[in-house]
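Engineer: I'd like to ask some things about the structure below.
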Amino acid sequence: MSGLEQLYQQIIMDHSKSPHGYGLTEGDVTSHQRNPVCGDEVTLALRWSADGTRVEEVAWEGSGCSISQASASLFATLATLAAEDAEAGNAWTPDDLQAFIDEFREALRSRGQIPLDEERFGDAAALSGVSKFVARVKCAMLAWVAAEDLLTRKAAGS
Amino acid sequence: MTLSPAPYAGGVTEAAPFSSAELEHIRAQFPILRRDLHGHPLLYLDSAATAQKPSRVIEAEATFYREANAAVHRGAHTLAGEATELYEDARGTVARFLAVNDDEVIFTSNATEGLNLIAYAIGNASLGRGGAAAAPYALREGDEIVVTELEHHANLIPWQELAARTGATLRFIPVDDSGAIDVDAATGVIGARTRILAVSHVSNVTGAHSPLETLVPLARAAGALVVLDACQSAPHLPLRPRELDVDVAVFSGHKLYGPTGIGVLYGRAELLNALPPFLTGGSMITTVTMEGAEYLPAPQRFEPGTPRIAQAIGLAEAIRFVDELGFDRIAATEHQLGARLLAGLAELPGIRVLGAGIDAPRVALASVVVDGVHAHDAGQVLDNVGIAARVGHHCAQPLHRRLGVTASLRVSAGVHTTADEIDQAVAAIAGVRHFFGLTGENA
Ligand SMILES: Cc1ncc(COP(=O)(O)O)c(C=O)c1O
């Protein structure tokens, strides 16, 4: 696979064309993130369980390059899969989510040294290829940074 | 030092384009062109963002550090004298390049600083600084500053801020649906209240020459100052502020094959000497007491602190480089490249070129939107075959918004660009939609 094909894997192309988790509703608490270099935008919401301890759903809207949009879609898919597994207790707690964000960031900033763990990240592991393209890391991080911002705000009680 | 100011030639000249042997000789002077990218020879089509440097510019800067480095305008030792002379020679070279007087040339760090310098000097005049001499330039409520809708943020935000500080109103001349300045609308915008017209000479997004022949007389009739952002013209056309009848012109050295960290502000002598300074400190004063200071005339008035000595010397070398190539020949060559680029792009399905049609005068630059593909993704496909092109809004968000897009892909030529490179870029752009699985007119 050429570098370009590693970057634009079929999974990424598919998610950018038919995104998952797309569509916010009124009342969502959102975080809006922009990449000022190219104008990519993602507005994302974490929908929590009634007791506020688990992520039930990730919803988002945005516009921009295929990497930024596919990454948001893959992130939403990953959260949904964990939540569907809720009976096994796998829906994300704030700590789980933070762990995913940290691992994702570490892999993406590794310049191709650390691949995303396919066991944990599922289809989102296709984003590993982005880490060799330093100029695109910020695009892939947008949705994850939005989630982190929401976590920080939640912890601060706002 | 031989600098023969040629008359303003517009975009098209009678001179012959560079022959392939000449182009090869020019290319050999740019060491970076020997680099490769992902197994392909570097194909640099981002000169509008920053130009590559010929060896002689790199050497001129290094030689200064190796052989003559000293602070200028300070101290009396021999080295300081030599450095001062080299620095002032560089100013003279720029002055002859622009066909203006030496003391009308201010070295700045880039065009952005030049535009802020003039905006802040006018702002300071508006606060009453500079006394009676500066008073005619003071802005107050009801006064208007006029820009165009296609300006680079560097020629927009300083004026937004100046308007906010003084109570003046910022207005703009709109662009039409293609992205060309709407000349007819200009008469409704520039009027009796206009005090400043700030406009670019050539757009960094469309490459189009601005209709200065209409805008400047309108501003003159209104008694307004004219500030020209010449960033994208200085590398491609002879720049003659006096013939263009502008009061101020700025450009960046790094886009003119010179070093980073150096720019130029030309200002009419009477204007510069009437305005109060922007940045203040050492090397710009006559007498200083604990209560206040008196300022030297331009250029020192606007060059406080230790200046960019090596960079100015590097810029002068870059100017000698383009001058020896000859602007008539540079313009003739780039005119052909531009026509080839536009004609090639016009053939491609699903590609929109921003700006007026193929016949409008422009430099060899084009920004395109690929139907169904974000500019960032398109640029990645070009990068993969060694083509360095710019993606994004090119610091012109309002223009992109007006044209209904957030970003575009820009290719821009320099003196080392060949027709073959233009063809390769067009072919790579043609391949973008294919790579993303799109075909036909409206996928
Ligand atoms: C038209 C125009 N104006 C202003 C600038 C600002 O130049 P600099 O960033 O070198 O200050 C640029 C380049 O980025 C430009 O293209």
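The numbers here are math on the coordinates, done by the rules we state, and not lab data. This one's a predicted model, so the numbers in the text were calculated from it and none came from an experiment. Cβ placement follows ideal geometry from the backbone for every residue including glycine, while neighbour counts extend to all protein chains displayed.
Engineer: Can you tell me how segment B:68-323 classifies by the Cα gyration tensor, rounded, prolate or oblate, using a/c under 1.5 as the rounded cut? Walk me through the intermediate numbers first.
Structural biologist: Details: a/c = 2.33, a/b = 1.33, b/c = 1.76.
Oblate.
Engineer: With N residues in segment B:73-191, what two-decimal value do you get for its Cα radius of gyration over 2.2 N^0.38 Å?
Structural biologist: Details: Rg = 18.9 Å, N = 119, 2.2 N^0.38 = 13.5 Å.
Rounded to two decimals, the normalised Rg is 1.40.
Engineer: Kindly put B:THR286, A:THR93 in sequence by how many other C-beta atoms sit within 10 Å of each C-beta, fewest to most. Don't skip to the answer; put the middle values down first.
Structural biologist: Working: B:THR286 10, A:THR93 14.
Ordered by Cβ neighbours within 10 Å, fewest first: B:THR286, A:THR93.
Engineer: Something else: Rg and Dmax in Å for chain B, alpha carbons only: what are they?
Structural biologist: Calculated on Cα positions, Rg and Dmax stand at 22.3, 74 Å.
Engineer: In whole Å, what is the distance between the alpha-carbon centres of segment B:23-55 and segment A:45-80?
Structural biologist: 43
Engineer: Now, a different point. Where a Cα-Cα gap under 29 Å defines reach, which lysines qualify for A:LYS17, not counting those fewer than 8 residues away within the same chain?
Structural biologist: Answer for A:LYS17, where 29 Å is the Cα cut-off: A:LYS132, A:LYS138, listed by chain and number.
Engineer: Dipole magnitude of the protein assembly as shown about its Cα centre, charges +1 at Lys/Arg Cβ and -1 at Asp/Glu Cβ only, in debye to the nearest 20? Show your work: numbers first, answer last.
Structural biologist: On the way: 45 positive and 73 negative charges, 245 e Å.
Taking the Cα centre of the protein assembly as shown as origin, the dipole is about 1180 debye.
Engineer: What ranking do A:THR25, B:THR84 get, fewest neighbouring Cβ atoms within 10 angstrom at the top?
Structural biologist: Working: A:THR25 8, B:THR84 17.
Lowest to highest Cβ neighbour count: A:THR25, B:THR84.
Engineer: What whole-number distance in Å separates the alpha-carbon centres of segment B:67-91 and segment B:256-333?
Structural biologist: Between the Cα centres of segment B:67-91 and segment B:256-333 lies a distance of 15 Å.
Engineer: As a test, work out the antiparallel percent of DSSP beta bridges whose residues both lie in segment B:68-323, rounded to the nearest 5. Kindly include the intermediate steps, with their values, before the conclusion.
Structural biologist: Values: 13 of 29 bridges.
Once the DSSP bridges in segment B:68-323 are tallied, antiparallel ones form about 45 percent.
Engineer: Now for a separate question. Considering all alpha-carbon pairs of the protein assembly as shown, what whole percent are spaced by more than 47 angstrom? The partial results should precede the final answer.
Structural biologist: Numbers: 42122 of 180300 pairs.
Distances greater than 47 Å cover 23 percent of the Cα pairs.
Engineer: Using mean Cβ contacts within 10 Å as the protection proxy, how do B:238-247, A:117-126 order, highest first? Working shown, then result.
Structural biologist: On the way: B:238-247: 19.2, A:117-126: 16.9.
Highest to lowest by the protection proxy: B:238-247, A:117-126.
Engineer: I've got another one for you. Among residues other than B:ALA99 whose Cβ falls under 9 Å from its Cβ, what is the net charge (Lys/Arg +1, Asp/Glu -1)?
Structural biologist: Values: positive: B:ARG96, B:ARG240, B:ARG242; negative: B:GLU243.
Spelling it out: positives minus negatives among the neighbours equals +2.
Engineer: Per-residue Cβ counts within 10 Å, from other chains only, averaged over B:368-374: what number is that?
Structural biologist: Working: counts 0, 0, 0, 0, 1, 2, 12.
Mean inter-chain Cβ contacts per residue within 10 Å come to 2.
Engineer: Which log10 I(q)/I(0) values, to two decimals, does chain A give at q = 0.11 Å⁻¹ under the Debye formula with one point per Cα?
Structural biologist: Once normalised to I(0) and log-transformed, intensities are -0.39.
Engineer: Using only DSSP helix segments of four residues or longer, with each worth -39500 (n - 2.57), what per-residue ellipticity at 222 nm results for chain A after dividing by its residue count and rounding to 500? Please list the in-between numbers first.
Structural biologist: Working: 6 runs with 73 residues, N = 158.
Counting only the DSSP helices, I get -14500 deg cm²/dmol.
Engineer: Could you tell me how many degrees, from 0 to 90 and to the nearest 10, lie between the Cα long axis of helix B:419-435 and the main elongation axis, the longest principal axis, of the Cα atoms of chain B?
Structural biologist: 60
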